[in-house]
Structure formats: C-alpha cells, structure tokens
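Participant: Could you have a look at this structure, given as structure tokens, before my questions?
Read-outs throughout are calculated quantities, based only on the coordinates presented, and are distinct from any laboratory measurement. Since we're looking at a predicted model, the values are computed, not measured. With ideal geometry, Cβ positions are generated from the backbone for all residues, glycine too; neighbour counts draw on all protein chains shown.
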Amino acid sequence: ASEDAKKMVEEARAVAQAEIESAREAVHRIEQAFSEQEKVLQASEKQ
C-alpha cells in the first residue's frame, strides 16, 4: 500500500510541476505582451 501511495504522490507532484511550468510560461508571455505594449505607448508618445 505504501508503494501505491508513493506512486500517487510522485504522479501528483509531476502533474503539479507541469502546471507550474505552464503557469510560468503564461506569465512570461504576459510580461512580453506588457513590454511590447510599453514600447508601442512610448513610440506613440514621441509622435
């Protein structure tokens, strides 16, 4: 039974790790979008 429990914990950890990685990628994309938006705003202010 303890082996089953270990396996379940390892699987749950792997899933959580994948979700964390996915969230990090989403944050990175959002940061890039904000950065692009900032550049656009700065460029339009100079006109």
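Participant: Read phi for every residue in region 4-16 and hand back ³J(HN,Hα) as whole Hz from Karplus 6.51 cos²θ - 1.76 cosθ + 1.60, θ = phi - 60°, with x for Gly and Pro.
Facilitator: Ordered by residue, 3J(HN,Hα) equals 4, 4, 4, 4, 5, 5, 5, 5, 4, 5, 5, 5, 4 Hz.
Participant: So what's the back-of-envelope 222 nm ellipticity for the chain, counting only DSSP H runs of four-plus at -39500 (n - 2.57) apiece and dividing by all residues, rounded to 500?
Facilitator: For the chain, the value works out to -35500 deg cm²/dmol.
Participant: Count the net charge of all other residues whose Cβ sits under 15 Å from the Cβ of Glu31, scoring Lys and Arg as +1 and Asp and Glu as -1.
Facilitator: 0
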